[in-house]
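The values are calculated or read from the model by the stated rules, or taken from the named source; none is laboratory data. A quick note: this is a predicted structure, and the numbers were derived from the prediction, not measured. Glycine gets a Cβ as well: all are built from the backbone with ideal geometry, and neighbour counts include every protein chain shown.
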Amino acid sequence: MSTQAATEDLAAVIGLEVHVQLETDTKIFCGCSTDAADAEPNTHTCPTCLGLPGALPVLNEGAVEAAVRLGKALHADIPERTTFHRKNYFYPDLPKGFQLTQYDAPICQDGELEVRVEDRRRDIGITRAHLEEDPGSLQHVGGSIDTADYTKVDYNRAGTPLVEIVTEPDFRSPDETRAFLAKLEEVLEYLGIYDAERDGSLRVDANISMVSADDLAGEVDDAVLAEANRTEVKNISSHKGAQQALAYEVTRQRNAIQRGREVEQETRHWDESRGITVSMRSKEAEKDYRYFEEADLPPLEVSDWKERLEIPELPDARRERFREEYDLSEEAASKLTSTKEVADFFEEIAREYDPDLAATWVADNLLGELNYRDMAVTDLEGRFDEFTRLVELVAEDEITEKNAREVVLRGMLDEGETPDDIVEAEDLGKTSGDEVQAAVEAAIAENPDAVADYEDGDEGAINFLVGQVMQKTGGSADPGQVNGLLREELDE
Amino acid sequence: MADAHNAFVTEETIEGADSGPLAGATVAVKDNISTEGVRTTCGSEMLAEYVPPYDATVVSRLTDAGATIVGKTNMDEFGMGTTTETSAFGATTNPVDEERVPGGSSGGSAAAVAAGDADYALGSDTGGSVRCPAAFCGVVGIKPTYGLVSRYGLVAYANSLEQIGPLAPTVEGAAELLDVIAGPDEHDATTRDAGAGSDYAAAANGDVDGLTVGVPTELVEGADDEVRAVFEDALDAYRDAGAEIEEVSLPSVEYGVAAYYVIAMSEASSNLARFDGVRYGESGGFEGNWNESFAETRAENLGDEVKRRILLGTYALSAGYHDKYYKQAQEARAWVRQDFEGAFEDVDVLATPTMPVLPPKLGESVDDPLQMYLMDANTVPVNLANLPAISVPAGESSEGLPVGLQLVGPTFGEETIIDAAALLG
């Protein structure tokens, strides 16, 4: 970056490398289970994933299918045949001294993913997505990586299938990376090939360069990017983390440039707890991984897999369909398609009850209350029928909207109780018509002054009378209905 | 059983099933083939204490077939050698002449069979490592088509080139052993359906009437005079039995040795990277950072020839040299394959001397790596082309040293070469 830029407006150019653990039953090259979350270290291992001498990899085609489905969702090219290469480097978590990955025939190439930030639509280019094996994991005892007394190695994770998604340098702000990652997770979940709950299921490296904003008008020139020093930020594990880490980097780099300093070409580590990036090492010469093709895995013919493999309706398509089919606003449709669980749940309710009511209850009431409690729809797993029952109570007019929202829903979320129990305990059952009618007549009889005021044209008097009726019914009557009944009686 | 020739690294009996085609037979297994519970050293200090927790597929197949495994045989360290002198457990001597090497790298396996210490043996052949010791020790050895025999459990040296193969006193015996170990394996994705339900032993008839035998001039010209004389006599035997002998040319084999060593060393540099002292093998101690600790482990526990090949292979794959060496070697390999394919349009089998030289004396060749590599000129092209080949004793030199005839067949043409070789043994 030339110092002349210091006087210009600066803009960020960002590209991402996203590692996603694919949700398969078994590892990518052996039959070991990938579900090792609570397992003792090194119990989900075999000669192959331990890299024992003589053991051989056998490709789990389920992982390839998951990647082809992703490729389809990203509108990517799938090659005729796909091959694996060895990436050679030494590290204690790497059992064979090389990682099996893909090099010149990745399973996906040239895709894109559309994201929206505020009201702007952006198409983010996907350079490639390739399959590889996860290494094991290290636990440093008595210090950090440099100061630990010793380090323990767990190979339970080794061989978990990963797909590494590499984007074009198409992002212009940290917000866009966050929107992209959220959208990517959504797509992965829709495809059923990803479990966001799994520890380490999403790992992001970001490359960021600051360039003159003038250079960014239109397409970015490769020469401009080559000129700008690039910082790689590692150890990002969420879309929120990506936004925070990159916002930090934008500020740090802008400050440096404005003070006339050069931004070093280096790798930095995102320290989430401190909210800063720290320098890891200067990026000297490009590392030489001595890639070459893995002879133990014959090339896999995948030319017809794209046609053969079905993928479900994706969030964008589903959002459009919701708008048309249920006549929903853009905002409501977006909220209702934010995750597959929410969308499925909405459709289940909308099939039985008024779609408007279903939309209000799912998009506004439920998601709003969940969000307030930092909960997700997945936290309600197994209780969807209770929520459906709540909507039914409202739809059948058995309780008021207000009580449903403020008492029953909150009780369900906070106390874990069922809607019927709450309605009974709080005596929320709507008062029957006769009781309301009686209360209306009593209110008129007991308040001749207010009746006179109403007859003289004082509209405020009716509100007073409604209040009286509500008091008599303990708040369980419907105010609108009471208003109507009062007018009927008075106007006679 | 006294091991007079240092043929075994570990003498330990693994009993097989009570019945089966190999019931009652004894088999010696090369020490780079994993045996559950019995150490598998690859002839290396690095794995001196390594005991695999699993059996190689071929080992299960042997014991299922009733064979009794009598021990693990000596070998050049990680298969890297042509004489069995690079073993960390001392050199094996040739039972025919104890001053001479048995060939390598499966020298222990060939010596065990030649000395009668086992009825059969398994070796592995990356560039001639079954055929060379078979020829030097006067026994039969087969290098199967790539993908015929499972490599699961074979400690890799150069995984795109190697196959496990049988050694036996006779062609029929080697074919019997091949019948037991051949065929697809779900643990090795490079195996093919070929070999399932095979009966190679039944093909060992020596029926060569009408067979066309091609002789690649390039692979005969360089041989020693004595080797050549025995080879020519063998060809006469084929002529007499009704075969037609035809000269063919394989111009690509000139690059065979160079291409083979670049590819084998490149793959070896990666295959042997796992020996870092973390999971098994000798640890170098934990002073310094990981890289220093790994380096110490490897410097101390790997022999000179292994280190030479790892360094050269690393170099050949490095950025800036990859295209010049590794990629070039791959192109040469494709050419060699094409040359053989072309030859098999005209002939049924190809015949060459297995080794261009007689077995050297101990210590004679090990100090001159280049000379040692050139001894492999006739065997390595077969591995580059993934083809099957057999070495069968063809006669003796004036001093009584064995000379082997190599017959090479087309892909999965094991029956043809076994039938033809049976004429001599």
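Laid out as a table, the results:
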{"quantity": "Total residues in the range B:165-179, condition farther than 14 Å from B:GLU414 by Cα and crowded, with 24+ Cβ neighbours inside 10 Å", "calculated": "2"}
{"quantity": "Number of the exception - B:SER293 against (1) crowded, with 19+ Cβ neighbours inside 10 Å; (2) within 13 Å of chain A (Cβ to nearest Cβ); (3) out of contact with any Asp or Glu (no Cβ under 8 Å at 6 or more places or on another chain)", "calculated": "(3)"}
{"quantity": "Hits in the range B:280-314 (condition: assigned to a loop (DSSP other than H, G, I, E, B) and at pLDDT 95 or above)", "calculated": "B:LEU302, B:GLY303"}
{"quantity": "Selection status of A:ARG178, touching a residue at least 40 places away in the same chain (Cβ under 8 Å), assigned to a loop (DSSP other than H, G, I, E, B) and within 25 Å of A:LYS240 (Cβ to Cβ)", "calculated": "no"}
{"quantity": "Selection status of B:ILE69, within 12 Å of B:LYS30 (Cβ to Cβ) and within 14 Å of another protein chain (Cβ to nearest Cβ)", "calculated": "no"}
{"quantity": "In the range A:417-428, the residues that are surrounded by fewer than 16 Cβ atoms within 10 Å (Cβ to Cβ) and at pLDDT below 85", "calculated": "A:GLU424, A:ALA425, A:GLU426, A:ASP427"}
{"quantity": "Filter result for the condition that a residue is within 14 Å of chain B (Cβ to nearest Cβ), in contact with a Lys or Arg (Cβ under 8 Å, 6 or more places away or on another chain) and within 26 Å of A:ASP288 (Cβ to Cβ), over A:PRO92, A:PRO53, A:PRO41", "calculated": "A:PRO53"}
{"quantity": "Hey, B:GLU300 out of contact with any Asp or Glu (no Cβ under 6 Å at 6 or more places or on another chain), farther than 30 Å from B:LEU405 by Cα, surrounded by 14 or more Cβ atoms within 10 Å (Cβ to Cβ) and more than 14 Å from chain A (Cβ to nearest Cβ) or not", "calculated": "yes"}
{"quantity": "Which numbered condition A:PHE29 misses (of (1) within 14 Å of another protein chain (Cβ to nearest Cβ); (2) at pLDDT below 95)", "calculated": "(2)"}
{"quantity": "Meets criteria (surrounded by 12 or more Cβ atoms within 10 Å (Cβ to Cβ) and not β-branched (Val, Ile, Thr)) for A:ALA450", "calculated": "yes"}
{"quantity": "Contacts under 7 angstrom Cβ, first residue in the range B:27-54 being touching a residue at least 24 places away in the same chain (Cβ under 8 Å), partner assigned to a loop (DSSP other than H, G, I, E, B) and among the basic types (Lys, Arg), 6 or more apart", "calculated": "B:GLU49/B:ARG39; B:TYR50/B:ARG39"}
{"quantity": "Residue satisfying condition, being on the phi > 0 side of the Ramachandran plot, surrounded by 15 or more Cβ atoms within 10 Å (Cβ to Cβ) and in a loop (DSSP other than H, G, I, E, B), within set B:GLY197, B:GLY210, B:GLY206, B:GLY242", "calculated": "B:GLY206"}
{"quantity": "Extreme residue, nearest to the other protein chains (Cβ to nearest Cβ), among residues of the range B:19-66 that are assigned to a strand (DSSP E or B) and not β-branched (Val, Ile, Thr)", "calculated": "B:LYS30"}
{"quantity": "The range B:245-275, residues that are in contact with a Ser or Thr (Cβ under 8 Å, 6 or more places away or on another chain), away from chain A (no Cβ under 12 Å) and in a helix (DSSP H, G or I)", "calculated": "none"}
{"quantity": "One residue from A:ALA317, A:ALA333 being surrounded by fewer than 18 Cβ atoms within 10 Å (Cβ to Cβ), among the aliphatic types (A, V, I, L, M) and within 22 Å of A:LEU113 (Cα to Cα)", "calculated": "A:ALA317"}
{"quantity": "Single match in A:ASP327, A:ASP304, A:ASP296 (criterion: among the charged types (D, E, K, R) and either at pLDDT below 90 or touching a Ser or Thr at 6+ places or on another chain (Cβ under 8 Å) (or both))", "calculated": "A:ASP296"}
{"quantity": "Residue check, A:THR151 touching a Leu at 6+ places or on another chain (Cβ under 6 Å), β-branched (Val, Ile, Thr), at pLDDT below 95 and surrounded by 14 or more Cβ atoms within 10 Å (Cβ to Cβ)", "calculated": "yes"}
{"quantity": "Residue within the range A:208-217 that is touching a Pro at 6+ places or on another chain (Cβ under 9 Å), at pLDDT below 95 and either part of a loop (DSSP other than H, G, I, E, B) or within 14 Å of chain B (Cβ to nearest Cβ) (or both) present", "calculated": "no"}
{"quantity": "3 or more residues in contact with an Asp or Glu (Cβ under 8 Å, 6 or more places away or on another chain) and surrounded by 13 or more Cβ atoms within 10 Å (Cβ to Cβ): qualifying strands (runs of 3 or more DSSP E) within the range A:222-293", "calculated": "A:231-236, A:266-271"}
{"quantity": "Residues (assigned to a loop (DSSP other than H, G, I, E, B) and more than 14 Å from chain A (Cβ to nearest Cβ)) located in the range B:182-194", "calculated": "B:GLY183, B:ALA194"}
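Conditions (1) within 29 Å of the chain's Cα centre (by Cα); (2) of a type in the set (D, E, K, R), marked per residue:
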{"position": "A:ILE193", "(1), (2)": "yes, no"}
{"position": "A:MET210", "(1), (2)": "yes, no"}
{"position": "A:ASP222", "(1), (2)": "no, yes"}
{"position": "A:ALA228", "(1), (2)": "no, no"}
{"position": "A:GLU232", "(1), (2)": "yes, yes"}
{"position": "A:SER238", "(1), (2)": "yes, no"}
{"position": "A:GLU249", "(1), (2)": "yes, yes"}
{"position": "A:ILE257", "(1), (2)": "no, no"}
